[in-house]
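A quick write-up on the structure given underneath.
The values are calculated or read from the model by the stated rules, or taken from the named source; none is laboratory data. What you see is a predicted model, and the numbers here were worked out from it, not measured in a lab. We place every Cβ from the backbone using ideal geometry, glycine too, and count neighbours over all the protein chains shown.
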């Protein structure tokens, strides 16, 4: 079941959502679903990334505008607060994981933007994330996120193979369970390989940048 920002008293994503939808936010900035996936990717990634680096990616390379210090502190504070929530949920285990997926009018989960945000986080360190593709046991764990977040279903990033339409339908239907399992297995993998050196990228396997925006 998708998490609802209305139920988050400590991190009020409603105010952040209003800002991201406003004219003051950069046109190419992330929205709540892809921002949440992005923050999750940062939290489970292979190495710590400086906050100044990943925060810049949220705004799409432009500078956000604020009416004053109070609004700026609210926006940045809420983003950091949500990141800390995600870290706490990951440490607590799968039953506590509450990704901010969108929901359609008929109650179906919409996970594509969230997954695209996760891939954006991976693209900050593509050479490191290539290790998941090279690992026989982890490639299939990473692929669902790549397939769900790809702009081009026939050309997923990181060389993931496309799948038939019926397989994608099954992936969408079970997306919550699949994404949750994938996230925790990816997190465990990086914890086990925290000191592994960066390996050179295989020839002909350059990762493709993926964007899914408003």
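Data table
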| item | result |
| --- | --- |
| Residue in the range 54-77 that is touching a strand residue (DSSP E or B) at 6+ places or on another chain (Cβ under 7 Å), within 18 Å of residue 41 (Cβ to Cβ), part of a helix (DSSP H, G or I) and at pLDDT 95 or above present | no |
| Members of the range 78-94 found to be under 17 Å from residue 179 (Cα atoms) and touching a helix residue (DSSP H, G or I) at 6+ places or on another chain (Cβ under 9 Å), listed by number | 86, 87, 89, 90, 93, 94 |
| Residue ID - modelled with the highest pLDDT, chosen from residues in the range 190-214 that are within 30 Å of residue 95 (Cβ to Cβ) and under 17 Å from the mean Cα position of the chain (by Cα) | 190 |
| Pairs, first at positive phi and touching a residue at least 24 places away in the same chain (Cβ under 8 Å) in the range 79-91, second surrounded by fewer than 15 Cβ atoms within 10 Å (Cβ to Cβ) and in a helix (DSSP H, G or I), C-beta under 7 Å, six or more apart | none |
| Helices (runs of 4 or more DSSP H) within the range 107-198 that include 2 or more residues in contact with a strand residue (DSSP E or B) (Cβ under 9 Å, 6 or more places away or on another chain) | 112-122, 175-192 |
| Matching residues, the range 14-53, being assigned to a helix (DSSP H, G or I), out of contact with any helix residue (DSSP H, G or I) (no Cβ under 7 Å at 6 or more places or on another chain) and farther than 30 Å from residue 181 by Cβ | 18, 52 |
